[in-house]
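The values are calculated or read from the model by the stated rules, or taken from the named source; none is laboratory data. Since the model is a prediction, treat every value here as computed from it, not as a measurement. Don't worry about glycine lacking a Cβ; one is built from the backbone with ideal geometry, like all the others, and counts go over all protein chains shown. Areas reflect the complete protein model, heavy atoms only, side chains present, ligands, DNA and RNA absent. Shrake-Rupley method; radii C 1.70, N 1.55, O 1.52, S 1.80 Å.
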Amino acid sequence: MATVEQHLPETHNGVTSAGEGIPVENPATGEIIATVGDLGAEAVAELARRARIAQPGWEAYGFDGRARIMRRAQKWLLDNAEQVISTIVSETGKTYEDAEFAEIAYAANAFGFWAKEAGNYLADERIKSAQILLKGKKLILRYRPLGVIGVIGPWNYPLTNSFGDCIPALMAGNSVILKPSEVTPLTSLLLAEGLAECGLPRDVFQVATGAGGTGAALIENVDMIMFTGSTRTGRKVAEEAGKRLIPSSLELGGKDPMIVLSDADLERAANLAVYYSMQNAGQTCISIERVYVEEPVYDEFVAKVSEKVRGLRVGKPEGPGSVEIGAITFPPQIDKISEHVDDAVQKGARVLTGGQRAPGTGRFYEPTVLVDVDHTMKIMTDETFGPTLPIMKVSDSEEAVRLANESPYGLGASVFTRDTNRGEAIARRLQAGAANVNDALVNYTALELPMGGAKASGLGSRHAAGGIRKYCSQQAIVVTPRLALKREAHMFPYKARNTRIIARLFKFMYGRGKRD
Ligand code: NDP
């Protein structure tokens, strides 16, 4: 059994030798590959104390100083990509390509993006006010780092989802404590080592390994919490943050619909339906989870999708090009996938391919296509988070839009049609934080666009201006010039003449002209 002690900078006390703490399993083999510490409340408070001491020095680096370290980290990531990929693959069981395309590529882009844009998004803004009392004064909107940010991450993307949110938080001048999922802590520990090698000052970024209780302790000690995970836990996190009156930003579950209209490019629609429902074995918050197809093209679309899914290889990833569908990372998840498929079958759905756990060691589920589905089935209403694709026939686009919106979730959505104007009009009617026309998921790669959920899919967003400003408090600064009046007209003592003049002024400013 290997431990990951070699990955740890001195300050990271999360890893213990084998036999203590939390064992980390390779879901593709069942082998225990490391053991990490389960940090209790006192240890988390100590990390927060250190983070608070380190933060002012890090803020004093300024945007350029911080960007220099993030650019070094970008290079470090690519220089060490093989080690990072093998760490991700070993703790998640995902394929080499899922680690490379959706994790390394994301983080490499994000280091550069935030290094370049943080200073622009957080630059002081000179504000002009129409308020006459403020004429001649200097008005500034300023963004100030909040202090210590807690990031709680899930197991599906240990680099993109857990670590990715730390980059803008750091670039804003905060210290960060990351609590990765107990199932996938190793990537975060490795990245901590990478940042230390790149010159990040001690205690500015720390990893608090542990289970849910460690996350709860983190909320008790930080100035803001960024959470990605289930809606159920997200509600708890928001409640606890609310009790402390600290801000929280939540990226939660999804049940993303895809709509295929009868004029769509069916070959493209089928390829994207298969890829974006099954990449990362379907364990993506913005996976396509359900499809609505207009009646005239339904049979052809189903035939294309089924044939493509039958050709997918499932199993232990053995390097590039070995399999398309990797393991199910989180142990209870495979039962949830089975439960959704079984529930659908009991209620009348037909399985065209897959429909069960894949045989052999490791935790795998066969890529599955279901038809004759409806909204009485969990597979169409609850987040499945597996390599499943239920396809439902609809009479027209109106029915598709109604069913797409008939969900407590609202993370992503997509619509396929050759009439892009019509596609855009439909996209605007979908109750989702992001809607793609003739594509899916790609909005996530545009760090210039906000990524956040509607309805029960979350609060707040990552990426773009809002994705870094949330790690700051706003401060309004008003500077009155040196040669100001000794006393201004509205001040004591009140005099009837002054009051009348001011009233006339208000009338002139706000009461002129006719109104409808
Ligand atoms: P959770 O929401 O329970 O876990 C997410 C993170 O929160 C983990 O780091 C977890 O720690 C931590 N956590 C758990 N309890 C608390 C708490 N009380 N206070 C603070 N932090 C806490 O997700 P699961 O991993 O259990 O997955 C459940 C479902 O969530 C999946 O089936 C899937 O549907 C959905 N999901 C959605 C994701 C998304 O990207 N939106 C990502 C992952 C899952 P620990 O893991 O140690 O318990």
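How large is the charge dipole for the range 264-308, taken about the Cα centre, if only the Cβ atoms of Lys, Arg (+1) and Asp, Glu (-1) carry charge, to the nearest 20 debye?
Values: 4 positive and 8 negative charges, 54 e Å.
The dipole of the range 264-308 has a size of about 260 debye.
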(request) Any chance you could get the radius of gyration and Dmax over the Cα atoms of the range 180-323, in Å? (result) 21.0, 62
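Which trypsin sites (Lys or Arg not before Pro) in the range 124-163 pass both tests, a DSSP loop state and at most 10 other beta-carbon atoms within 10 Å?
Working: sites: Arg126, Lys128, Lys135, Lys137, Lys138, Arg142; in loops: Lys128, Lys135, Lys137.
Hits after loop and neighbour filter: Lys128, Lys135.
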(request) Sequence neighbours fewer than 8 away in the same chain don't count; with that in mind, list the aspartates and glutamates whose C-alpha is under 15 Å from Lys116. (result) Asp64, Glu448
(request) Rounded to whole Hz and in sequence order, give me ³J(HN,Hα) for the range 115-127 from the Karplus expression 6.51 cos²θ - 1.76 cosθ + 1.60, θ = phi - 60°, writing x for Gly and Pro. (result) 4, 7, 9, 3, x, 6, 5, 10, 5, 4, 10, 7, 10
(request) Using the charge dipole of the chain (Lys, Arg: +1 at Cβ; Asp, Glu: -1 at Cβ; taken about the Cα centre), state which of Ala358, Cys198, Ala34 has its Cα farthest towards the positive end. (result) Cys198
(message) Cross-link candidates for Lys316: which lysines have Cα within less than 24 Å, leaving aside residues fewer than 8 places away along the same chain?
(response) Lys94, Lys308, Lys336
(request) List the aspartates and glutamates whose Cα lies under 20 Å from the Cα of Lys378, skipping any in the same chain that are fewer than 8 positions away. (result) Asp256, Glu289, Asp335, Glu339, Asp342, Asp343, Glu366, Glu399, Glu406
(message) Per q in 0.05, 0.10, 0.12 Å⁻¹, report the Debye log10 I(q)/I(0) for the chain, using one uniform scatterer on each alpha carbon and no solvent.
(response) -0.24, -0.81, -1.07
(request) Search the structure for amide H atoms under 5 Å from the amide H of Met392, placed 1.01 Å from N in the peptide plane, and list their residues when 5 or more places away or on another chain. (result) Val291, Tyr292, Val293
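Percent of accessible area on the range 244-327 owned by carbon and sulfur, 1.4 Å probe? Display every interim value, and only then the final one.
Values: 1410 of 2810 Å².
Heavy-atom surface of the range 244-327 belonging to carbon and sulfur, 1.4 Å probe: 50 percent.
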(message) Within the range 475-516, name every residue whose backbone N is under 12 Å away from a label modeled 7 Å from Cα of Ala130 along the Cβ vector.
(response) 509-512
(request) Any chance you could check the Cα centroid distance between the range 286-359 and the range 428-504 for me, in angstrom? (result) 43 Å
(request) Can you tell me the dipole magnitude for the range 379-482 around its Cα centre, using point charges on the Cβ only (Lys, Arg +1; Asp, Glu -1), in Debye to the nearest 20? (result) 560 debye
(request) Quick one: order Tyr143, Tyr292 from most to least accessible surface, probe 1.4 Å. (result) Tyr143, Tyr292
(request) Be a star and scan the range 387-410 for residues whose amide nitrogen sits under 20 Å from the point 7 Å along the Cα-to-Cβ vector of Arg268. (result) 397
(message) Can you work out the Karplus-derived ³J(HN,Hα) for every residue in the range 157-173? Use 6.51 cos²θ - 1.76 cosθ + 1.60 with θ = phi - 60°, whole Hz, and x for glycine or proline.
(response) 9, x, 8, 5, 7, 7, 6, x, 6, 6, 5, x, 4, 5, 5, 6, x
(message) Can you give me the long-range amide H partners of Asn436? Hydrogens built in the peptide plane at 1.01 Å from N, cutoff under 5 Å, separation of 5 or more residues or another chain.
(response) Ala413, Ser414, Val415
(request) Summarise the accessible area of the range 12-111 (1.4 Å probe, protein heavy atoms) by the percent that is carbon and sulfur. (result) 53 percent
(request) Could you go through the range 366-379 in sequence order and give the Karplus-derived ³J(HN,Hα) for each residue, using 6.51 cos²θ - 1.76 cosθ + 1.60 with θ = phi - 60°, rounded to whole Hz, and x for Gly and Pro? (result) 5, x, 10, 10, 10, 10, 6, 9, 8, 7, 7, 9, 4, 4
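Would you calculate a helix-derived [θ] at 222 nm for the chain, using -39,500 (n - 2.57) for each DSSP H run of n ≥ 4 and dividing by the full residue count, to the nearest 500?
On the way: 17 runs with 200 residues, N = 516.
My calculation for the chain gives -12000 deg cm²/dmol from helical runs alone.
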(message) At 7 Å along Cα-to-Cβ for each site, give me the label-to-label distance between Phe101 and Leu245 in nm.
(response) 4.8 nm
(request) With unit charges on the beta carbon (Lys/Arg positive, Asp/Glu negative), name the residue among Phe113, Ile127, Ala54 whose Cα is farthest towards the positive pole of the charge dipole of the chain. (result) Ile127
(message) What does the extension gain come out to for Arg68 and Ser230, with contour length at 0.36 nm per residue minus their alpha carbon separation?
(response) 54.8 nm
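When ligands, DNA and RNA are left out and all protein chains stay put, how many square angstrom of accessible area per residue does the chain have with a 1.4 Å probe? Each step should come with its number before you reach the end.
Working: 22120 Å² over 516 residues.
So the chain comes to 43 Å² accessible per residue, rounded to a whole number.
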(request) For Phe205, enumerate residues with amide H under 5 Å from its amide H, sequence gap 5+ or separate chain, H modeled in the peptide plane. (result) Val176
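About the Cα centre of the chain, how large is the charge dipole given +1 on each Lys and Arg Cβ and -1 on each Asp and Glu Cβ? Please answer in debye to the nearest 20. Before the final figure, lay out each step's value.
Details: 59 positive and 61 negative charges, 931 e Å.
It works out to roughly 4480 debye.
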(request) Calculate I(q)/I(0) for the range 330-469 by the Debye formula, one identical point scatterer on each C-alpha and no solvent, and give its log10 at q = 0.09, 0.13, 0.15, 0.18 Å⁻¹ to two decimals. (result) -0.33, -0.69, -0.88, -1.14
(message) As a test question: what accessible area, to the nearest 10 Å², does Leu266 have when a 1.4 Å probe is rolled over all protein chains in place?
(response) 20 Å²
(request) Take the range 388-516, drop everything but the C-alpha atoms, weight them equally and run the Debye formula without solvent; then report log10 I(q)/I(0) at 0.11, 0.12, 0.14 Å⁻¹ to two decimals. (result) -0.67, -0.70, -0.78
(message) Assuming 0.36 nm per residue, please report the length gained on full extension of the stretch Arg487 to Glu318 beyond their Cα-Cα distance.
(response) 53.0 nm
(request) Considering only protein heavy atoms, with the full assembly of protein chains and a 1.4 angstrom probe, order Arg72, Arg422 by accessible area, largest first. (result) Arg72, Arg422
